[in-house]
Amino acid sequence: MVLQVEPFVNCLEDIQSRVPEKKSLRRKVLMVTPEGRVYNQRLARDLAEHDHLLVLCGHYKGMDERVHHYVDEKISLGDYVLSGGELPAMILVDSVARLLPGAVSDFESVATDSHYNGLLGAPCYTRPREFRGMKVPDVLLSGNHRKIEEWRFLQSVEITLTLRPELLQTVEFTKEEIKILKKHKLLEKVKGVSNGYPSSSK
């Protein structure tokens, strides 16, 4: 079962005909496919800058190769196979939409998500302060926002070092973050997995 080219192209052209023709509009036709670029948060942020995204979803064995001629970018959600592209398309839409202004009421929560800045997120806590011997770290109860921010950053770095060290190869640390890494003797560990000195372009 291979999807034909003509219905795809007819559908694509019909949708595109309804989008206003403005040179300033950034638009892109995407295809979810195993041969695509592996999706990540950096790509989600790039797509969120576009005004119009159209996602083509295959099904069954795939689609006629000639459909690819109409695609700007191919995206893969990982090295596994699903019955169709509908679920990957929904994931794409959700991950991009939440980056748009107003989609999430507190954008600060988005900016501290895992992968937003290249690192895994820091642990989160709620009440009560202690549950079955497990306590909320004192620093989070201190009211000192600078120390809390530093603690969260260090936790993110340590968790990333432990679970996904390869992510550190593309993280760009600020000068202030590099100072914090030095202060807590984490800079050498980060350098060990990022093939050199952490870059600072911010």
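Each value in this text was obtained by applying a stated rule to the coordinates, not by laboratory testing. Nothing here was measured: the structure is a model prediction, and the numbers come from that model. A quick note on method: Cβ atoms are made from the backbone with ideal geometry, for glycine too, and the neighbour counts reach across all protein chains shown.
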Residue-count net charge about S95 - beta-carbon cut-off 14 Å; Lys, Arg +1, Asp, Glu -1: -1
Cα→Cβ-extended label distance, 7 Å offset, between K23 and E6, nm: 3.7
Efficiency of FRET between Y60 and V93 - r from beta-carbon atoms, R0 22 angstrom, step 0.05: 0.50
Tilt relative to the chain, helix 86-97 - C-alpha long axis, 0 to 90 degrees, to 10: 50
Cα gyration tensor, the stretch 139-183 - rounded (a/c under 1.5), prolate or oblate: oblate
Rounded to 5, the percent of DSSP beta bridges in the stretch 2-97 classed as antiparallel: 5
HN-Hα J in Hz across the stretch 169-184 - Karplus 6.51, -1.76, 1.60, θ = phi - 60°, x for Gly and Pro: 5, 10, 7, 10, 8, 6, 4, 5, 5, 5, 4, 5, 4, 4, 4, 9
Label-to-label distance, nm, for residues given as Q41 and E149 (7 Å Cα→Cβ offset): 1.7
FRET E, pair Y70, D138, Förster distance 41 Å, beta-carbon r, rounded to 0.05: 0.10
Cα long-axis angle, helix 145-163 against the chain (0 to 90 degrees, to the nearest 10): 60
CD proxy at 222 nm, helix term only [per DSSP H run n ≥ 4: -39500 (n - 2.57); per residue of the chain; nearest 500]: -10500 deg cm²/dmol
Length-normalised contact order of the chain in % [C-alpha pairs under 8 Å, at least 6 apart]: 17
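Using a ≥ b ≥ c from the Cα gyration tensor of the stretch 5-102 (square roots of the eigenvalues), is it rounded, prolate or oblate, where a/c under 1.5 gives rounded and otherwise the larger of a/b and b/c decides, a/b for prolate?
Oblate, because a/c is 1.5 or more while a/b does not exceed b/c.
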